[in-house]
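To start, the structure under review is shown below, and the notes come after it.
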Amino acid sequence: MAGKLLSLECMKTKRRQVLGTVAAGILFHWRGGQSVRAASTSSPLRFGLTPVFLSNDVELLTKLKGYLSRQTGREVQLVQRRTYEEITGLLLSGQLTAAWICGYPLVQYRPQLSLLAVPLWRNQPLYSSYVIVPAGRQVSVVDELRGDLHAFSDPNSNSGYLVTAALLAATGLRAEVFFRDTIFTYGHRNVVRAVASGLAQSGSVDGYVWEVMASIEPDLTARTKVIRKSELLGFPPVACIAGQTASTDVELIRHALLAMRDDPEGRSVLSLLRLDGFSEEPQSLFDPIAAKMRLVRSLTP
């Protein structure tokens with residue numbers, strides 16, 4: 001009898017050990033899975049910003065980062081670089097979740113990039129390129145700028161380079177031939193400063209930037225005048241790598257941008273940007289920019 005009892009007790013002990021091992025395995029698996037999920041969801045979302053207007057404004061950057069982090073439930077890192085090329089390169093290499101770029105890089109890399117959202121300015125996903133000169137200069141058309149030292153914003157900017165280059169290309173001229181010399185200021189605000197100070201005799205600038213500056217820095221823009229406004233074109237968009245539009249990370253960014261105008265914190269960010277919100281738009285919105293790109297390239301030696 002004692003032997004049977006001892007045998008039964010051993011069986012119970014082994015059973016407890018087996019159940020304990022299974023339970024531990026389940027717990028380990030659950031915790032491990034939880035750890036993996038936590039690791040994946042805790043990895044930061046990296047949102048790129050080109051050197052557009054107000055990109056160095058501390059209040060704006062703080063509020064934008066705070067809004068995106070709260071809305072996505074993730075840590076968001078704002079990544080800034082000096083040129084459009086640098087941010088576009090980071091995006092193409094997969095080092096950014098998404099980036100607020102320009103219509104020109106979007107059409108240059110159309111097979112590799114997908115459109116996520118487009119800002120709304122004056123309730124439209126559109127803006128213009130302006131050609132500006134010093135306020136006292138007696139010129140009224142671009143033809144009169146031949147031989148100028150002209151300030152562009154960035155070689156990959158639509159409003160700060162491509163539009164003017166395409167305007168000249170339509171007459172069979174390249175910018176570097178029409179103008180005596182050109183400079184790149186790597187910032188639309190810097191184009192305005194260059195023209196206002198006399199460093200440049202004329203410049204190509206984002207119309208949205210010039211208009212917003214006119215409302216907050218009127219003394220600066222008053223030292224310039226606009227002699228040409230282009231047709232309306234697709235506003236600088238937010239993009240991601242093609243094929244990633246349905247990924248969780250990209251969806252979080254997209255949703256946060258589209259929800260911005262319906263959120264008090266988001267509206268505060270939009271107020272600083274002087275924008276009305278973000279919308280989903282078709283890729284065809286940027287076809288006119290692509291046409292300008294082809295026109296300029298047709299004259300490339």
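Across the range 46-78, what is the number of residues that are closer than 23 Å to PHE152 by Cα and either at pLDDT 95 or above or in the same structural domain as TYR186 (by TED's automatic domain parsing) (or both)? Steps first, answer last, please.
Applying the first criterion (closer than 23 Å to PHE152 by Cα) to the range 46-78 yields 48-57.
Now narrow it down to the ones that are either at pLDDT 95 or above or in the same structural domain as TYR186 (by TED's automatic domain parsing) (or both): 48.
The qualifying residues number 1.
Just a yes or no: is a residue in the range 219-228 free of Cβ contacts under 8 Å to residues at least 12 places away in the same chain, among the charged types (D, E, K, R) and not assigned by TED's automatic domain parsing to the domain that holds GLN95? It would help to see each step written out before you state the result.
Residues of the range 219-228 that are free of Cβ contacts under 8 Å to residues at least 12 places away in the same chain, as a first pass: 219.
When the remaining residues are screened for being among the charged types (D, E, K, R), the result is 219.
With not assigned by TED's automatic domain parsing to the domain that holds GLN95 added as a condition, the list becomes 219.
Within the range 219-228, one or more residues are free of Cβ contacts under 8 Å to residues at least 12 places away in the same chain, among the charged types (D, E, K, R) and not assigned by TED's automatic domain parsing to the domain that holds GLN95.
A quick yes/no check of all residues on (1) within 29 Å of LEU167 (Cα to Cα); (2) crowded, with 23+ Cβ neighbours inside 10 Å; (3) among the polar types (S, T, N, Q):
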{"position": "PRO44", "(1), (2), (3)": "no, no, no"}
{"position": "LYS63", "(1), (2), (3)": "no, no, no"}
{"position": "ARG82", "(1), (2), (3)": "yes, no, no"}
{"position": "LEU91", "(1), (2), (3)": "no, yes, no"}
{"position": "ALA99", "(1), (2), (3)": "yes, yes, no"}
{"position": "GLY103", "(1), (2), (3)": "yes, yes, no"}
{"position": "SER128", "(1), (2), (3)": "yes, no, yes"}
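Filtering the range 151-181 to residues that are free of Cβ contacts under 8 Å to residues at least 40 places away in the same chain, crowded, with 21+ Cβ neighbours inside 10 Å and outside any helix (DSSP H, G or I) leaves only PHE179. Screening ALA135 against (1) more than 14 Å from the chain's Cα centre (by Cα); (2) buried (at least 22 other Cβ atoms within 10 Å of the Cβ) leaves a single unmet condition, (2). Using the structure shown, decide if VAL139 is part of a strand (DSSP E or B), more than 24 Å from ILE241 (Cα to Cα) and modelled with pLDDT of 95 or more. No: the conditions fail for VAL139. Looking across the range 93-125, the residues that are under 13 Å from the mean Cα position of the chain (by Cα) and among the hydrophobic types (A, V, I, L, M, F, W, C) come down to LEU96, ALA98, ALA99, TRP100, ILE101, CYS102, LEU106, LEU113, LEU115, LEU116, ALA117, VAL118. Condition first: exposed (fewer than 15 other Cβ atoms within 10 Å of the Cβ), among the polar types (S, T, N, Q) and not assigned by TED's automatic domain parsing to the domain that holds SER140. Can you find one or more residues in the range 261-279 that meet it? Yes, because at least one residue in the range 261-279 is exposed (fewer than 15 other Cβ atoms within 10 Å of the Cβ), among the polar types (S, T, N, Q) and not assigned by TED's automatic domain parsing to the domain that holds SER140.
The values are calculated or read from the model by the stated rules, or taken from the named source; none is laboratory data. Please read these numbers as outputs of a predicted model, since none were measured by experiment. Ideal geometry is used to build each Cβ from the backbone, glycine not excepted, and the neighbour counts take in all protein chains shown.
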